[in-house]
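To start, the structure under review is shown below, and the notes come after it.
The values are calculated or read from the model by the stated rules, or taken from the named source; none is laboratory data. Only a predicted model underlies this, so the values are computations on that prediction, with no experimental measurement involved. Every residue, glycine among them, receives a Cβ derived from its backbone with ideal geometry; neighbour counts consider all protein chains shown. Side chains included, ligands, DNA and RNA excluded: accessible areas come from the protein's heavy atoms. Shrake-Rupley method; radii C 1.70, N 1.55, O 1.52, S 1.80 Å.
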Amino acid sequence: MQKLQDAVQPVPFAQMLEVILEELECDLTDIFSEFNETPIASASLAQVYFARLKSNGREVAVKVQRPDLQKTVEADLDLIAFFAARFHHYIARLRPFNLPAIVEEIRVGLLQELDFRHEARNQRFFNAQNPTPDKVFAPEIIGEFATRRMLVMERITGRRVDQAQLTPEQGKAMAQAGATSLLHQIMIAGFFHADPHSGNVLVTADGRLCLLDWGLAGHLTRRLRYTLADLFI
């Protein structure tokens with residue numbers, strides 16, 4: 001599972017470049033003065049590259065979706081839905097689980113995750129209502145370059161939270177900051193990062209936690225938040 005997070009075999013840059021050019025609708029050199037063709041991370045849905053903007057010299061990270069991924073995912077989902085419908089029809093003990101409805105919910109969430117514009121909106125919203133940016137934050141999205149299959153955001157330098165070299169005191173402080181932020185997201189804001197595995201959490205050089213990959217985010221109603229608060233108490 002960990003290898004699916006950021007260590008998947010990368011797609012050659014020539015193929016990724018086709019996606020980048022289609023999303024930019026211009027030449028690479030029109031936007032970037034530098035572009036490292038070696039991905040810094042390669043996951044199941046996308047690859048991330050470091051680059052520098054031509055307009056202001058800012059260092060950025062460029063997240064690019066793997067080519068033809070949506071067609072593959074939709075074909076796989078159609079196949080899963082076919083079998084789920086058959087199981088639901090022919091195996092009575094599975095009917096209470098409503099497998100077709102589960103597959104449909106997965107389809108909606110996964111296809112939404114493949115539209116990086118949702119991820120960009122999630123990151124912006126989190127940063128806008130985040131009360132502790134000095135402890136936990138999400139990378140800033142460069143707005144004009146947020147498209148369906150590509151995101152450009154501020155470059156974050158750090159180490160995965162499970163690989164960071166921290167003293168016990170630092171580790172305790174990081175854990176407290178992360179837990180406090182997550183509880184605020186769930187209990188107060190009703191909007192939370194729904195995939196906070198170790199590959200999506202970086203410890204930065206200035207001692208903050210950076211939450212990456214906002215493709216999956218959860219929303220909770222006020223009533224449900226009160227119910228969860230009662231449960232915790």
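Summary table
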{"quantity": "Conditions (1) without any contact (Cβ under 8 Å) to a residue 60 or more places away in the chain; (2) under 21 Å from the mean Cα position of the chain (by Cα): number failed by Glu119", "calculated": "(1)"}
{"quantity": "Glu140 of a type outside the set (A, V, I, L, M) and either at pLDDT 95 or above or on the phi > 0 side of the Ramachandran plot (or both)", "calculated": "yes"}
{"quantity": "Flag for Gly218 being open to solvent by less than 20 Å² (accessible area, probe 1.4 Å), farther than 25 Å from Arg52 by Cβ and either without any contact (Cβ under 8 Å) to a residue 40 or more places away in the chain or part of a loop (DSSP other than H, G, I, E, B) (or both)", "calculated": "yes"}
{"quantity": "Number of the condition not met by Ser181 [criteria: (1) assigned to a helix (DSSP H, G or I); (2) farther than 30 Å from Ser55 by Cα; (3) modelled with pLDDT under 95; (4) not β-branched (Val, Ile, Thr)]", "calculated": "(3)"}
{"quantity": "In region 53-103, residue farthest from Ala43 (Cα to Cα) [restricted to those that are open to solvent by less than 90 Å² (accessible area, probe 1.4 Å) and charged (D, E, K, R)]", "calculated": "Arg58"}
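Conditions tested, residue by residue: (1) at pLDDT 95 or above; (2) in contact with a Pro (Cβ under 8 Å, 6 or more places away or on another chain); (3) closer than 25 Å to Ile142 by Cβ.
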| residue | (1), (2), (3) |
| --- | --- |
| Ser33 | yes, no, yes |
| Ser44 | no, no, yes |
| Val48 | yes, yes, yes |
| Val60 | yes, no, yes |
| Leu94 | no, no, no |
| Val108 | no, no, no |
| Leu111 | no, no, yes |
